[in-house]
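So the structure is just underneath, and the comments pick up after that.
Here, each number is a calculation from the coordinates, and none is a lab measurement. Computed from a predicted structure; not experimentally measured. Here Cβ is always computed from backbone atoms with ideal geometry, including for glycine, and neighbour counts include all displayed protein chains.
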Amino acid sequence: MRRVHPQARLQPAIPLGRRRERIAPPARWRLIGAALILATTINACASGEETAMERERLVDKIESEVRLTALELGFDELSPAVATALRSVPRHAFVAPAQRSLAYVDAPLPIGRGQTISQPFIVAIMSQLLAVGPGDRVFELGTGSGYQAAVLAAMGVAVYSVEIVPELAERAIANLRAAGYPEVQVRAGDGWLGWPEAAPFDGIILTAAAPRIPERLSAQLKPGGRLVMPIGDVADIQQLAVFEKDATGQLERRDLLPVRFVPVTGPLGD
């Protein structure tokens, strides 16, 4: 039996000969409504064009930084895949509303809970150092706000990311969906343990500093794959390093640049 809200009232029946007719709104109101819709559309388009221009300028700046650090990095320009991803991913969708005006500044920004969204230059070179492409699988320790994962996803990479702070993991999922990257797999947990059921990975990336190579993660890396991470004393300057796994399972280390990352949180036991 359907319950009726006590405030509901039955409306009197209208005789057939006296049916009420809809009265069209005055023409001026229709014109005002159309004008508001048009203005909103124009503003959205202008905003989209403006952020696209900001991303273009950001990529130009990163390209300049890459040329200046070419000897350390081993390359003097961004790959087309990385450059295209940076131009397409809306970084402003991954920063706090109060930081939106700084979204396309080449600098890290706070995202809460003592964590940061990485500097775009660092995101770019770490993405390129992984040497991955469409169809490859990458594990990420430290989802943060989801920006690094989005850049990799825009390159056609299947991303599996773990964030130790549940609140940030939930926010990253929402950010990625809103930005158009719902395929990125994110879960809250201890990233030091990896994602065994999705292994082996073509690449592994750590977006927080650790004092040593995580053995459980290196075990989930394919032969020929790369692990990119900031390594060193978490209270000091670290080295951005690339570890490449050979056919025997050994890791060859190459240090590139001095960097400063927030530390991996949670237990570091293997």
State all residues of region 239-250 that are closer than 18 Å to SER127 by Cα and either free of Cβ contacts under 8 Å to residues at least 24 places away in the same chain or not aliphatic (A, V, I, L, M) (or both); if no residue qualifies, say none.
-> GLN239, ALA241, PHE243, GLU244, LYS245
In region 178-200, what residues are out of contact with any Asp or Glu (no Cβ under 7 Å at 6 or more places or on another chain), among the hydrophobic types (A, V, I, L, M, F, W, C) and either surrounded by 18 or more Cβ atoms within 10 Å (Cβ to Cβ) or within 26 Å of THR116 (Cα to Cα) (or both)?
-> ALA178, ALA179, VAL184, TRP192, LEU193, TRP195
Residue satisfying condition, being touching a residue at least 40 places away in the same chain (Cβ under 8 Å) and closer than 15 Å to ALA208 by Cα, within set SER88, SER79, SER118 = SER118
What number of residues within region 62-76 are without any contact (Cβ under 8 Å) to a residue 60 or more places away in the chain and of a type outside the set (Ser, Thr, Tyr)?
-> 9
Do you know which of the residues in region 201-228 that are without any contact (Cβ under 8 Å) to a residue 40 or more places away in the chain and not in a loop (DSSP other than H, G, I, E, B) is surrounded by the most Cβ atoms within 10 Å (Cβ to Cβ)?
-> LEU227
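Let's see how each residue does on (1) among the β-branched types (Val, Ile, Thr); (2) touching a Leu at 6+ places or on another chain (Cβ under 7 Å); (3) surrounded by 20 or more Cβ atoms within 10 Å (Cβ to Cβ):
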| residue | (1), (2), (3) |
| --- | --- |
| ILE62 | yes, yes, yes |
| ARG67 | no, no, no |
| GLU72 | no, yes, no |
| ASP76 | no, no, no |
| SER79 | no, no, no |
| VAL82 | yes, no, yes |
| ARG91 | no, no, yes |
| PRO97 | no, no, no |
